[in-house]
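Please treat every number below as a calculation from the coordinates, not as lab data. What you see is a predicted model, and the numbers here were worked out from it, not measured in a lab. Methodologically, a virtual Cβ is constructed for each residue, glycine included, from the backbone with ideal geometry; neighbour enumeration extends over all protein chains shown.
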Amino acid sequence: MSAAARSRRRARSRRFPWGPATLIAVALAVAPTVGRADAVDEAYASGHMAAAAGRWADAILEFERTRSLLPAPNAALEYDLGTAYAKDNRLGEAVWHLRVALRLAEEDALREAARRNLSVVQRRADLRAETSGARRSSFDGWRSRVRRLLVADVTRGLTLAIGTAWGIALFLQSWIPRFAHGKRSGIRVVTWTLGVVFMGLSAASWLSAGGSPEAVVVGDAVEVRAGAGAHHSRSFLVQGGSVVRVMGQAPGWRQIRLEEGLTGWILEDRLIGAQAGPGRSDSR
Amino acid sequence: MSRGRRRFVVGALGAAVGGATGARPRVASGAQGPSVVVRSDRRQVRVGEDFLVEVEVRTDDRRDAQSPGDPVMPAEPGLDYTFRSSSMSRSMTYRNGVMSSETTRTFSYAVRATRPGTYELLVSVEAAGRAIFATQVPVVVATGAALEDEAASGAPGPTGGAAREGTPPGAAPPAQTASESVFARVVTSAERIFVGEPIVAQWEVWQRVTASIEIESLPDFRDFFSVELPALDPEDRFVGGRQWRVHPAVRRVLFPQRAGTLSVGGGVLQVQPASGFGLFRRPTGRAFTVQGTPAVIEVRPLPAEGRPPHFSPNNVGRYTISSEIDRARVRAGDAFTVTYVIEGAGNLESVDPGEFAAPDGGRTYPPTDTVNTQIVGERVQGTRTIEILVVAERAGNLVIPAHSMAYFDPDTESYQVARTSPLTIEVTAPMDAAGTGTGPIAQPPPGTDAGAQDVDAGGAETSEGVLLPLREEDRLSRGVPSAGGMSRSRFGLAWGGIAGVGLSIWGARRVVERLRPSSEVARRRQMVGEFRDGMQRAADLLDTGDSEFYGELGRVLRAATVARAGPDAEGLTRDRLVDELARSGAEASACEYVRETLERCDAARFGGGEDVDDRRARLERVRVLLGTWRML
């Protein structure tokens, strides 16, 4: 290679702006993160501005956009979204998001606010159902309450405490001669009692946690049909905002069960939370 | 049985048989002459309307030598009789060895009442020179106005025009052709009514020849709101002595919707003359079309005098209205139902109840409307129930205002007003009026007390409670929230840990118990330990003197010998112990050495012992012996 050629290559090399290129590359690498963070705040603020102006449909759009940008559900955003849906009289979506907010909220004030708005929305749904003749389902009866109680943290904690006490009693009975011989009958009764309670509570909690998933109906007076298809006869109407159990699925349809036991098929897009349905079942 | 009693029984039986055989002819001959039975197909008729009367005369051919004459109809001035037909039948019976024959003659008459009244059809026949009257006399009641001029009455038929039901059908013209033997007409219960006033219209198809009749088009009720009435069964009517089959094909209650001269179209029939019946029916002649005779009704407008403002012309009839609420007390935000019931006769489905005023302090929802009508006679009556859901918005007494509904009563030809009374319901404070939150969201608005938050702060939203406002965060958390609490997986892990520990404790104890030596082995181990200790003590006593050494060695050796010989050797003397040891299978040299050592140990108590080396040698020998017996 001649000296002239080397000189030209060196000149070309010298002309390439390595510094700015590096900066740009770094900026491009960092930009998505920064931009994403800004987009979240911007969408969230836009939603609140629309809400302040009473444009609830726009507010919902912005909040939904915010939700899609976040890596995980946020309790405050779910509360705002549920409340905006309630203001826009979309009770089904409102019930769903307020329930999510209630589940995620760690702050007492936020939890209380979500609970209150949820009760207001459910009363509205009750009124609408009363005027439209549609059925309501909230899975708020004593069975559902017992089921929720069994899967509650306090019950599970109590179950584990009883299990721990059972383990201790078992240890004392097995390894400490004083308990094993001196008070043998007493410790045995205590051990058996704790063991039975521990196993019983554990089984009840485990069974209660299983079962069919819950979903929320969206829309007003939604038709529920006798089978998976529009050609089937209409069985009854269910009010939007009702909480139902998803029992089966067919393409585009879900089989639901109301709290009172009525079952029927509903269009899939009329449910929120029905994506994780049970195994496929044949439609009639 | 004595002779007297036998005579009495035989006499009684003979009297009974004689009485029975003697009475039978008397009963049979009790009814002298023919019997007359009169039947009428109607009990109540209108004046001018024909009905059928049948007279049945029965004669016993063997008994009644002379046949009776024709029936003599009662000479009532208000009844006209037209003889139609007669028939005769004969029956023969064989009973008790006697053949009897009975002849039945049936005479059929078309009877028309020309004057109102109650008529007894006392029919008689003449037999053997005397009149025999019917045993059962039917009574027919004729209602309506007397006929002054039969010719003036509207006669049904193809050329008869519209005939109002209740007017005498009169004599139809003799049907000479098939087309004149089938016709249709609309009969209405009134010819002059008000707008909205109900009348009954009946489309009748008359026929007096066998024909297949198809309805091409029904009557036209375009200017009327109509309610279907139950169809009546076909019936036979007699007009001018001719029998017609009348089919009431359509029967409706009509509510005229406008004033003027309205007509109800007569419909169109397709008639195919035929003969035979059932499967054997076959057409005879050419088919033809029959245009029904329409009915013309003069509908008067409702009078302007006394008409309430905004009066609906559908409110014609006679109505009452009542209202009630389903509870006496509610909480603010709760709903209750106000029920209005309109009851009466008229066009209930179209009646306009008017606007129901919303109560002050209550929000109303669109009402539900239920109409329940019945056909009673020729009237449409029933109830219309209007339920309004009301949500109480604030505490206090909520008054449901009185409601009034104006209607036109066609009977009195005047406007009336039906009213309800105002209702009061007590509204208490809402259940969650004390507010719910502790954070900034749930704080009651400034200037309002907590108890009034739900009812005062929300404007239009107060009915179901106030939606708390949005919660605007400074910055949304981007983090993934911790699962927190006792999730199912966490609970499962903790449960598994506890259960595993418990089962481990239990299992370990079971394993230990399984591996623990038996009591025999333990006892042997203890024994061996004691032998070792004894041997050690003896070794320690080698230098101290004979008595202590041999005493310790003797105890060890005796105990080992007893253990080797078995439990039966316990407590035996030395010689017997050694014998027992020999019986247990021990070697003779070992037995001899045990005997000699035990003797030496006993002798050591009296002195004159061995030196240290001898004692050590004896100790070692005993140790070897115990080792042989596996007791060290």
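Tabulated data for the structure shown
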{"item": "Segment B:S67-B:E520, length gained on full extension (0.36 nm per residue, minus Cα span)", "result": "149.6 nm"}
{"item": "Normalised convex hull volume, segment A:93-198, alpha-carbon set, Å³ per residue", "result": "127 Å³"}
{"item": "Within segment B:315-367, GluC sites (Glu not before Pro) in DSSP loop having at most 11 other beta-carbon neighbours inside 10 Å", "result": "B:E355"}
{"item": "Cα gyration tensor category, rounded, prolate or oblate, for segment B:292-443 with a/c compared to 1.5", "result": "prolate"}
{"item": "Sorted by Cβ neighbour density within 10 Å, fewest at the top, the residues A:D140, A:D80", "result": "A:D140, A:D80"}
{"item": "Under Karplus coefficients 6.51, -1.76 and 1.60, residue-wise ³J(HN,Hα) of segment B:76-87 in Hz, glycine/proline x", "result": "8, x, x, 10, 10, 10, 10, 5, 10, 7, 9, 8"}
{"item": "Whole-angstrom Cα spans of segment B:359-417 along principal axes, big to small", "result": "49, 25, 16"}
{"item": "Segment B:216-310: chymotrypsin sites (Phe, Trp or Tyr not before Pro) in DSSP loop, at most 16 other beta carbons within 10 Å", "result": "B:F277"}
{"item": "Estimated FRET transfer efficiency when R0 is 41 angstrom, pair B:L218-B:S86 (beta carbons, to 0.05)", "result": "0.50"}
{"item": "Dipole-positive endmost among B:W203, B:P283, B:Q257 within segment B:195-306 (Cβ charges, Cα centre)", "result": "B:P283"}
{"item": "Extension gain from B:T143 to B:F288, taking 0.36 nm per residue of separation minus the Cα-Cα distance", "result": "48.4 nm"}
{"item": "Average partner coverage of B:491-504, which counts Cβ from other chains inside 10 Å", "result": "6"}
{"item": "Separation of the B:S414 and B:Q136 label points, Cα + 7 Å toward Cβ, nm", "result": "5.1 nm"}
{"item": "Contact order normalised by residue count of segment A:130-249, Cα under 8 Å, 6+ apart, percent", "result": "33 percent"}
{"item": "Residue list for segment A:74-95, given a label point 7 angstrom along the Cα-to-Cβ vector of A:D140 and an amide N cut-off under 13 Å", "result": "A:95"}
{"item": "Distance (nanometres) between label positions extended 7 Å along Cα→Cβ at B:A357 and B:R327", "result": "2.6 nm"}
{"item": "For residues of A:104-114, the mean tally of beta carbons on other chains within 10 Å", "result": "5"}
{"item": "Theoretical FRET efficiency, 1/(1+(r/R0)^6), r = Cβ-Cβ of B:E120 and B:T93, R0 22 Å, to 0.05", "result": "0.10"}
{"item": "Separation of the B:R509 and B:N397 label points, Cα + 7 Å toward Cβ, nm", "result": "7.5 nm"}
{"item": "Full-stretch length increase - B:F311, B:E587 - with 0.36 nm per residue and alpha-carbon distance subtracted", "result": "85.4 nm"}
{"item": "Cβ neighbours within 10 Å from other chains - mean over A:76-87", "result": "3"}
{"item": "DSSP-loop GluC sites (Glu not before Pro) across segment B:367-436, with at most 15 other Cβ within 10 angstrom", "result": "B:E378, B:E413"}
